[in-house]
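Peer 1: Dropping the structure in here first, questions after.
Every read-out reported here was derived from the displayed coordinates using simple, explicitly stated rules and does not represent laboratory data. For clarity, every value in this text was computed on a predicted model and none was experimentally measured. Reconstructed Cβ throughout: ideal geometry from the backbone, glycine too, with neighbour counts over all protein chains shown.
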Amino acid sequence: MSAAKITTSVIRQRKETGKKITMLTAYDFSMAKLLDDSGIDMLLVGDSLGNVILGYDSTLPVTMEDMIHHTRAVSRGAQKAMVVADMPFMSYQVSVEDALRNAGRLMKEAGAQAVKLEGGREVRAAVEAIVQAGIPVIGHLGLTPQAVHSLGGFKVQGKSREDAKKILEDAKILEESGVFAIILECVPALLAEKITHSLAIPIIGIGAGAQCDGQVLVTHDLLGIYSGFSPKFVKKFADLHSSVTEAILGYKTQVENGTFPGPEHSFPIDSEILERLY
Ligand SMILES: Nc1nc(=O)c2c([nH]1)NC[C@@H]1CN(c3ccc(C(=O)N[C@@H](CCC(=O)O)C(=O)O)cc3)CN21
Ligand SMILES: CC(C)C(=O)C(=O)O
Ligand SMILES: [Mg+2]
């Protein structure tokens, strides 16, 4: 069965229809297929793979090669869902030329349908150039994890009047620059609601309350298999840590006591064939 791809126009329309956008992270083929089969609209190959897959303590060390490698795998598993690739730290900040070349690689070499980058007015020129090249862009405001060191930690953003105003202004600047959606991370719910109502493009929240046009989460967090951070905004919809541990202990026990593999997992041969073999 070939399902039609979710396009940027489908995502934009959700603002009018009110049907919520669902987005989740995927870093590999098998998970991409699972999420796609479940009808998730957008798969984000997040640079959070630095934490979740590669074991770094931030997203800063993630490279273009890492992102291309994982985006290629996810693209192979996504029939319907839109594949969005995060632009890693320092792949779009140095120059507009770099930003455009790297966005192009994620589309051309890795099969993404859109790219995402962090920041507001400071990335305006990069966003405009990428959009002009025909590449759909998603913005990312509020808690921008690539700026963890200048933000002084993973903290809620936009709590002061000044900070709230700056985030709203940045959202409008990104909209004018041509992004088709914005991820809003870790901001007070009422600020997210105001931004959602002030813009014509969809706002996809993470730790930004229920009034956004859609939601995104790190899949490993909602499944209960990542224990590096536990932000308040994560809801564990499953406890895979426990069920995976139980399965692995079952395997270990059965190998050690000889009950696995059983005859049903083994291949037969006529015993005559083995006679006088030695
Ligand atoms: N697995 C995973 N999940 C994520 O959500 C995620 C990543 N990795 N890697 C990149 C960033 C890091 N993120 C984080 C990490 C920690 C908090 C956190 O603990 N926030 C505090 C805020 C406390 C406050 O300011 O009041 C919290 O309690 O939620 C938030 C976002 C989001 N991203
Ligand atoms: C948390 C989401 C929005 C993200 O940017 C990532 O997974 O890298
Ligand atoms: Mg990211």
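Peer 1: Counting other beta carbons within 10 Å of each residue's own, what order do GLU176, GLU272, GLU118 fall into, fewest first?
Peer 2: Ascending number of Cβ neighbours within 10 Å: GLU272, GLU176, GLU118.
Peer 1: For the chain, what percent of Cα pairs sit more than 25 Å apart? Mind dumping the intermediate values first?
Peer 2: Numbers: 18978 of 38503 pairs.
Summing the P(r) tail past 25 Å for the chain gives 49 percent.
Peer 1: Return PHE180, PHE267 ranked ascending by Cβ neighbour count within 10 Å, so the fewest neighbours appear first. Mind showing how you got there, number by number?
Peer 2: Working: PHE180 18, PHE267 5.
In increasing order of surrounding Cβ atoms, one gets PHE267, PHE180.
Peer 1: Using the charge dipole of segment 70-202 (Lys, Arg: +1 at Cβ; Asp, Glu: -1 at Cβ; taken about the Cα centre), state which of GLN79, LEU174, LEU190 has its Cα farthest towards the positive end.
Peer 2: Final value for the positive-end residue is GLN79.
Peer 1: Residues with amide H under 5 Å of ILE183's amide H, sequence separation 5 or more or different chain, H placed in the peptide plane at 1.01 Å from N; which?
Peer 2: Placed amide hydrogens put GLY139, HIS140, LEU141, ILE204 under 5 Å from ILE183.
Peer 1: Per-residue counts of other Cβ atoms within 10 Å, averaged by peptide: what ranking do you get for 91-98, 235-242, highest first?
Peer 2: 91-98, 235-242
Peer 1: HN-Hα J couplings of segment 253-260 from phi, Karplus 6.51/-1.76/1.60, θ = phi - 60°, integer Hz, Gly and Pro as x?
Peer 2: Once θ is set to phi - 60°, the couplings for segment 253-260 become 4, 6, 5, 5, 9, x, 8, 10 Hz.
Peer 1: Of the listed peptides 249-258, 149-158, what is their order by residue-averaged count of other C-beta atoms within 10 Å, with the highest listed first?
Peer 2: 149-158, 249-258
Peer 1: Using packing as a proxy for protection, rank 5-16, 63-74 so that the peptide with the highest average count of other Cβ atoms within 10 Å comes first. Intermediate results must be reported in sequence, preceding the final value.
Peer 2: Numbers: 5-16: 15.6, 63-74: 20.4.
Result, highest mean first: 63-74, 5-16.
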